[in-house]
């Protein structure tokens, strides 16, 4: 969501404490803040850039913030007020964007082409909006597997590294969860090397998990049948590359993932480019989700709580039923849709009883809780949760609630359920 905040000159000074010393500024101009609007806010969940502009004669300051992961940053944006009156842009020509390295592999095993190389080259030609993107095609050998770990150890700052590779028998785009510290080659690499049962790095862990934001990727591809998770990156150079990169970036804050692509005859290159671009954005830009939750009660005044199932990033935690809003969807419509999908029932939203903002670290959430008309408990059939329970006011704190929900639950445990 694009956030616009008006600050006085004194308040702006407070805002610039900490890591804000390098925010750009400009001289005052005789226009009100309402005359300024960004031209490049194509994705409401991602266009969230920091810009400081003195926007009026009273020295008010307009702040538009996009928050890259782990550090301050921003993007040049054009204001129609400045264009119309032929005034200079209020921002410097260069800004800090999230830095991402995208890699693929060349052909191997006698193949004439590799889908990962084609995807990398195509994306390199067009770039990705709001991202400082570097690309590289790696050799299918030990030297190629070490390239990115060597870059990481050289001290070059990267916010994310996205490796792509070809899975010849793959039927979907696979997001790899783990890399094993083991070479199990069934075929030689392009240097003729063929080893099996050998550790990639001595004295390193047997397995490393990716450092990409798994929950964000889950949300992004939840309803995309072309994309799946994998727990086995194989025993060839793909797994070797991922393991070396993960080992080299431990405790650096760099987010790393490996994506196995199927042959282009299974999923076309255009679709693969679209999917990979979304993966890169998930790693580079912290998303803001608008989420609805339903306060559903029975005739006795008890409230319905739902538990996240096994395998979920928050398995075992309790929550309001509901979910992420679709683009341009009204809150009430989102409540009706989500509850039908999750519980198999039709509800009637009556009023929004709470609005919550929460920072989960890998994503921000704006949550809207809607009170619905009472229902018959026997009509509920959980389709996405492993357990549901009806609780009264005094039982609310007996459950382990999601962090975004907990403050409201604590309040209701004292004041009562609306």
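Miscellaneous remarks
- Taken together, 328, 312 contain a single residue that is modelled with pLDDT under 95, surrounded by fewer than 19 Cβ atoms within 10 Å (Cβ to Cβ), at positive phi and not in a strand (DSSP E or B), which is 328.
- Residue within region 362-373 that is touching a residue at least 24 places away in the same chain (Cβ under 8 Å) and surrounded by fewer than 16 Cβ atoms within 10 Å (Cβ to Cβ) present: yes
- Restricting region 128-156 to residues that are touching a strand residue (DSSP E or B) at 6+ places or on another chain (Cβ under 6 Å) and part of a loop (DSSP other than H, G, I, E, B), the residue that is farthest from residue 242 (Cα to Cα): 131
- Given (1) buried (at least 19 other Cβ atoms within 10 Å of the Cβ); (2) farther than 18 Å from residue 165 by Cα, number of the condition residue 132 does not satisfy: (1)
- Condition check for residue 311 on (1) within 16 Å of residue 217 (Cα to Cα); (2) touching a residue at least 24 places away in the same chain (Cβ under 8 Å): one failure, at (2).
- Residue count for region 373-397, restricted to those that are assigned to a helix (DSSP H, G or I) and either more than 31 Å from the chain's Cα centre (by Cα) or outside the structural domain of residue 353 (by TED's automatic domain parsing) (or both): 6
- Residue count, region 337-372 (criterion: within 10 Å of residue 293 (Cα to Cα) and not in a strand (DSSP E or B)): 2
- For residue 156: the one exception among (1) in contact (Cβ under 8 Å) with a residue 24 or more places away in the chain; (2) closer than 19 Å to residue 251 by Cα: (1)
- Only one of the numbered conditions (1) under 30 Å from residue 132 (Cβ atoms); (2) outside any loop (DSSP other than H, G, I, E, B) is violated by residue 250, and that is (2).
- The set of residues in region 396-410 that are without any contact (Cβ under 8 Å) to a residue 24 or more places away in the chain, touching a helix residue (DSSP H, G or I) at 6+ places or on another chain (Cβ under 9 Å) and over 11 Å from residue 319 (Cβ atoms) comprises 397, 410.
The values are calculated or read from the model by the stated rules, or taken from the named source; none is laboratory data. Since this is a predicted model, take the numbers as computed values, not measurements. Note: ideal-geometry Cβ built from the backbone for every residue, glycine included; neighbour counts use all protein chains shown.
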